[in-house]
Amino acid sequence: MGRLRVLLGDPDSRSRNRIKKMLTADGYLVVAEADEGMGVLRYARTLRPDVAVLSEDLQGLGANQVIAVLMDDRICPAILMAASGSAESLLALKNSGALGVVARPVQKSLLVATMELAVETFRRLGAKEDEIETLKIQLENRKTIEKAKGVLMQRMKLTEAEAYRHLQVRSMNQKVPMAQIAQAILLAFETTLPPEEGGR
Amino acid sequence: MGASRADIERMVREYNVKFIYLQLVDIAGILKSVTIPVSQLAKALDGELMFDGSSIEGYVRIEESDMYLRPDYNSFTILPWGPRGFSEARLICDVYTPEGSPFAGCPRCNLKRMVAAAESRGLQMQVGPEVEFFLFHTDAGCRSTTKTHDRAGYFDLAPIDLGENARRDMVIALDEIGFQVEASHHEVAPGQHEIGFRYCDALTAADRIATFKHAVRVIAQRHGLHASFMPKPAWGIAGSGMHCHQSLFKGAENVFFEAAAPRQLSQKALHYIAGVLSHARGFSAVTNPIPNSYKRLVTGYEAPVYIAWSEKNRSPMIRIPAKRGLSTRIEVRNPDPACNPYLALAVMLKSGLHGIETGLTPPPPIDFNLYDLKPADLSALGIASLPGDLGEALRELEKDAVVGEALGSHIYDSFTEAKWREWDEYRQQVHCWETSRYLKTY
């Protein structure tokens, strides 16, 4: 517990002070306070906080837009402070992109737990995204290698195994990833076709 | 690129595109778009989508408002700054009349007309634009201020430069949509940035400038900053220009280059320079289209004031960069990013071509700093100045039939009408400077 770096976004300075005191007392570090959405983004980008605690009525750039940027660019998770604790007002924030919601008046234990949960969820989401990214690249590489194999089979009259071996040997000899070798082969193949248009 | 209909349909499926922006630029150079769901794509690609032209500044009168959008397939681009989960794409469109001919009020169609005129002589214009802009902070109401990140003191302790970071993201995004960014750097004034992109043909260059401004604004906002292309956003600092490097090609050959000629510049290059210089006063209203533009064109800030050319000095309007061979080019330095890129390129191309057609000879180049000269010396050298304000520029435009022809009568009429209105409105305003200076004195 403690030591998370928090960015506060709330148009109301009294409410900001309250929350800041609450968090500081528990060992959290409020790294910056912004009173409008664009300011939240500027602080978030420069200070890289662990979590943003935002008021749902953020002015300028709205809370949803701010959260979309924070999530898209994987800066930090956000939790929202709803105007009231009614089911209606809390559920209205369902599609906000926030990883947690607390109602006003803000209860310290709930705020702290929600923040910690959001940070943990964000970390896990990030790990999954990394994994997906890696898989995507692998898939792309696989496709390129398959295509290059096809070209080699056709052009050099090789069997599939021979074509693969050809790529593999080149990759090992030149210490270059196989996908890169495949890319080069495809490029060479394309450029041997008549060019589409004259160069500049 | 060279995208076909099938390519577009494949990419729409592959990238899970949900919305497509059909973009066009109005006479003022503002990017407008009609957003369609992907279900309308086939109709849009057939050029069957209609829009109400009267809703766009400077287009048409109410009674002739139905216009058709004809997308340029080559302009199909997946926008990298779209939301997560699905993609958005854009197509740049030409505007056509219901009778099926290019609409005379469409700046893009008009530039195509000029490009075709050059093409009829076997010449292709190549343009490399360098666009400058400012990144400003916003205030609580999301309004832009003229505070830059460098001056906004409370960020001094932060390890990350907000503006540099934003610019890096811009370059990445532009790269993703196929721009070849040549250079991107911090400019003279605090908070000022420049991104220059690689040479391309005139139409592509104009498309890119329009797209560029949109991309820069969107990405700046994602960094909590406001990007402004206003030519002179604050007194006392350098303004933002849009230098246009340009050359003419015949196939793969640069016709501005001639190895044996003095300065290795061909006769055609000299005629082109002479043409641009001789119509500079006439086309300034197009390349520098707002009252504020003329506050940039003052001495002391690397912005041009005098109509001259030079190989070395940056004070004249045209500079000849040192590179020769295929890279031989002229850099026209007066345009600013408030201009409509389609119109600006059309008038510069036309002026240059006119110089070639009539065999104009430019005055000798000036290789010293013109800012140091007195008005008497300048007039002795026969060096004229660019117009001092938009009113003067508009009067010059009215006198210049060649520039008028480059715009076509429809655009010329709408443009001058709107610009005179803008100038009169500005002229009649009482500015802050006046009240702060005179209210108590008189």
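Details
- Enumeration of residues in the stretch A:103-136 that are part of a loop (DSSP other than H, G, I, E, B) and more than 23 Å from A:V6 (Cβ to Cβ): none
- Exactly one residue out of A:A118, A:A87 is among the aliphatic types (A, V, I, L, M), at pLDDT 90 or above and under 28 Å from A:D26 (Cα atoms): that is A:A118.
- The listed residues are B:E182, B:E164, B:E176, B:E194, and the only one of them that is touching a Gly at 6+ places or on another chain (Cβ under 6 Å), over 30 Å from B:T361 (Cα atoms) and either among the β-branched types (V, I, T) or surrounded by fewer than 23 Cβ atoms within 10 Å (Cβ to Cβ) (or both) turns out to be B:E182.
- Criterion (at pLDDT 95 or above, farther than 20 Å from B:L390 by Cβ and aromatic (F, W, Y)) met by exactly one of B:F249, B:F283: B:F249
- Scanning the stretch B:389-442 for residues that are β-branched (V, I, T) and surrounded by 10 or more Cβ atoms within 10 Å (Cβ to Cβ) returns B:V402, B:V403, B:I411, B:T416, B:T435.
- Test: residue in the stretch A:87-102 that is within 15 Å of the chain's Cα centre (by Cα) and either in a helix (DSSP H, G or I) or away from every other protein chain (no Cβ under 14 Å) (or both): yes
- The set of residues in the stretch B:385-413 that are among the hydroxyl-bearing types (S, T, Y) and within 15 Å of B:C339 (Cα to Cα) contains only B:Y412.
- Enumeration of residues in the stretch B:229-248 that are within 14 Å of chain A (Cβ to nearest Cβ) and either free of Cβ contacts under 8 Å to residues at least 60 places away in the same chain or closer than 19 Å to B:C339 by Cα (or both): B:H245, B:Q246
- There is no residue in the stretch A:74-87 that is surrounded by fewer than 20 Cβ atoms within 10 Å (Cβ to Cβ), free of Cβ contacts under 8 Å to residues at least 40 places away in the same chain and in contact with a Gly (Cβ under 7 Å, 6 or more places away or on another chain).
- The number of residues in the stretch B:183-223 being charged (D, E, K, R) and within 14 Å of chain A (Cβ to nearest Cβ) comes to 4.
- The helices (runs of 4 or more DSSP H) found entirely in the stretch B:333-442 that carry 2 or more residues being within 27 Å of B:S54 (Cα to Cα) and at pLDDT below 95 are B:401-428.
- Residue count for the stretch A:26-50, restricted to those that are part of a helix (DSSP H, G or I) and either touching a residue at least 24 places away in the same chain (Cβ under 8 Å) or not assigned by TED's automatic domain parsing to the domain that holds A:Q65 (or both): 8
- Index of the failed condition, B:F155 passing every other in (1) over 29 Å from B:N334 (Cβ atoms); (2) surrounded by fewer than 17 Cβ atoms within 10 Å (Cβ to Cβ); (3) modelled with pLDDT under 70: (2)
- Some residue of the stretch A:51-64 being more than 9 Å from chain B (Cβ to nearest Cβ), in a helix (DSSP H, G or I) and in contact with a Gly (Cβ under 8 Å, 6 or more places away or on another chain): yes
- Qualifying position, being within 14 Å of another protein chain (Cβ to nearest Cβ) and of a type in the set (K, R), among A:R45, A:R3, A:R18: A:R45
- A:V69 meets the conditions (1) surrounded by 18 or more Cβ atoms within 10 Å (Cβ to Cβ); (2) more than 9 Å from every other protein chain (Cβ to nearest Cβ); (3) not in a strand (DSSP E or B) in every case but one. The failed one is (2).
- Residue match in the stretch B:354-365 (condition: within 30 Å of B:G404 (Cβ to Cβ), crowded, with 24+ Cβ neighbours inside 10 Å and assigned by TED's automatic domain parsing to the domain that holds B:Y412): yes
- Any chance A:T191 is modelled with pLDDT of 90 or more and on the phi < 0 side of the Ramachandran plot: no
The values are calculated or read from the model by the stated rules, or taken from the named source; none is laboratory data. This structure is a prediction, so every number in the text was calculated from the model and none was measured. Glycine gets a Cβ as well: all are built from the backbone with ideal geometry, and neighbour counts include every protein chain shown.
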